[in-house]
Ligand SMILES: Nc1ncnc2c1ncn2[C@@H]1O[C@H](COP(=O)(O)OP(=O)(O)OP(=O)(O)O)[C@@H](O)[C@H]1O
Ligand SMILES: CCCCCCCCCCCCC/C=C/[C@@H](O)[C@H](CO)NC(C)=O
Ligand SMILES: [Ca+2]
């Protein structure tokens, strides 16, 4: 009888593909590609039996999503989100038997608001965003808010024991920075991310809650930056029409402006944990540091991050000074613009954030610090830079003693005066305040209280894999 054949869809890494097909190894790290494996057998019935059997086996893998809710931001990055999804991602989901409900957003916060109140989430195995870090932030906020409200938890109370989200989040990168995708997958490639979703990978991730005077402001998973990164973001928002290049222009402008800001930082060091911000080791797939530090957290409150005993007032430390930048990196914040990231040894899921304080220094010294983000040199090995791995921190700007001061800043003379000085750096009169850049969004307040929630969400990712992980795999079916 005639030979029958069936092509099976099989997502694999480039290295494994190279092994199967004896091709050259991949040229670009961490990118995955589809491979087609054709099996032949002498009888059609036998062939069909194999096909249905393999499909049944795949469908039985509970971690693989079957129904996904997809939000596309048509204005992310270079405005290619819709095209990227339709051309590169939708065909893969269809081939893998993943059904989707696709929504193209109509305005900012459209996805967030739907998730908060409207969307019927129980029928989905995950939510996917097609866009950049801002779009991810919308999904994150919608899901966390919904989970807390459904569970009767008040998100405005910084001491509340929050309920973790159960729905996994997938990111199809189409933004300007794509920091969260890059730092959890190792590349910002839509096909690679789609394949991680299809195979049902899970990567836990820390989330910081940010409060001001017992009022919830925002959640953060990557960078909270005051001073330099806050100013870069504020300036770049006025240049959104430029696309991703806006960050480079605003970066150079703010570097030349060289504003410093006075304030007080109090922080709660992470005690007894494995790992420091100066480690040579990096957070990688199956990270033992993240696993170990998660286990340190008290059994009695599995969802509660901080041992109450270690959170006593005596453990808090306070620093005052003039800062060019105050950054809290809850993950490395690696992205194509800064491949090492702001804190190269930070961990995705260890329940801590790396608090980086860059004190007032010369332009030349600050440039040395910035350039070390792209070289092998340690960006923290400078006299004016300090870094602490913390569970919680607070910041108060020097002139912000009360809410009335803040109102003055936001509505009155300070703001006007700051604006003039921002635009005329030569006048030498520095503004009193910067803004917080919270994962690419500007916060409305400068005095903030930040707390890390360990492994609070799950992404469709597996962390960055080291090449040797591939070499050790016994066979491609193992992934
Ligand atoms: N339909 C829409 N119209 C206008 N803005 C939108 C729409 N949908 C989402 N947004 C907003 O667009 C902003 C930017 O989106 P996104 O983060 O996806 O792209 P980006 O800024 O280019 O990338 P990155 O955040 O990686 O730098 C987000 O704050 C999001 O809330
Ligand atoms: C002397 C010139 C310096 C140029 C600096 C350019 C800016 C580099 C941007 C690196 C940002 C890395 C951290 C990422 C943070 C994200 O959360 C956020 C949202 O996408 N991105 C930015 C740019 O704030
Ligand atoms: Ca962390």
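The values are calculated or read from the model by the stated rules, or taken from the named source; none is laboratory data. Bear in mind the structure is a predicted one, so any value in this text is a computation, not a measurement. Cβ sites come from the backbone with ideal geometry, for glycine too, and all protein chains shown count toward neighbours.
Values computed for the structure shown
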{"quantity": "Qualifying residue in segment 227-235 (condition: more than 12 Å from ligand 2 (Cβ to nearest atom) and at pLDDT 95 or above)", "calculated": "yes"}
{"quantity": "Residue 91, sole failed condition from (1) away from ligand 3 (no atom under 16 Å from the Cβ); (2) in contact with a strand residue (DSSP E or B) (Cβ under 9 Å, 6 or more places away or on another chain)", "calculated": "(2)"}
{"quantity": "Residue match in segment 110-117 (condition: away from ligand 2 (no atom under 16 Å from the Cβ), farther than 14 Å from residue 190 by Cα and either in a loop (DSSP other than H, G, I, E, B) or not assigned by TED's automatic domain parsing to the domain that holds residue 149 (or both))", "calculated": "no"}
{"quantity": "Qualifying residues in segment 91-109 (those that are free of Cβ contacts under 8 Å to residues at least 12 places away in the same chain and in a helix (DSSP H, G or I)) - the one farthest from ligand 2 (Cβ to nearest atom)", "calculated": "94"}
{"quantity": "Residue check for residue 147: under 27 Å from residue 61 (Cβ atoms) and surrounded by fewer than 24 Cβ atoms within 10 Å (Cβ to Cβ)", "calculated": "yes"}
{"quantity": "Residue in segment 162-180 that is free of Cβ contacts under 8 Å to residues at least 24 places away in the same chain, outside the structural domain of residue 451 (by TED's automatic domain parsing) and more than 22 Å from residue 71 (Cβ to Cβ) present", "calculated": "no"}
{"quantity": "Inter-residue pairs, beta-carbon under 8 Å, first not assigned by TED's automatic domain parsing to the domain that holds residue 265 and in segment 327-352, second at pLDDT 95 or above and within 12 Å of ligand 3 (Cβ to nearest atom), 6+ apart", "calculated": "none"}
{"quantity": "Complete set of residues in segment 351-378 that are more than 14 Å from ligand 2 (Cβ to nearest atom) and within 14 Å of residue 328 (Cβ to Cβ)", "calculated": "351, 352, 355, 357"}
{"quantity": "Hits in segment 120-134 - residues which are outside any helix (DSSP H, G or I) and either over 27 Å from residue 182 (Cβ atoms) or within 16 Å of ligand 3 (Cβ to nearest atom) (or both)", "calculated": "120"}
{"quantity": "Residue list for segment 439-468, restricted to those being part of a loop (DSSP other than H, G, I, E, B) and over 19 Å from residue 224 (Cβ atoms)", "calculated": "460, 461, 462, 463, 464, 465, 466"}
{"quantity": "Any hit, segment 330-339, residues being closer than 23 Å to residue 452 by Cβ, outside any loop (DSSP other than H, G, I, E, B) and within 16 Å of ligand 1 (Cβ to nearest atom)", "calculated": "yes"}
{"quantity": "Evaluation of residue 181 against (1) over 15 Å from residue 456 (Cα atoms); (2) modelled with pLDDT of 95 or more; (3) away from ligand 2 (no atom under 16 Å from the Cβ) (one fails), failing number", "calculated": "(3)"}
{"quantity": "Search result, residues across segment 205-255 that are touching a residue at least 24 places away in the same chain (Cβ under 8 Å) and in a loop (DSSP other than H, G, I, E, B)", "calculated": "213, 214, 221, 222"}
{"quantity": "Qualifying residue in segment 197-204 (condition: away from ligand 3 (no atom under 16 Å from the Cβ), under 30 Å from residue 57 (Cβ atoms) and assigned to a helix (DSSP H, G or I))", "calculated": "yes"}
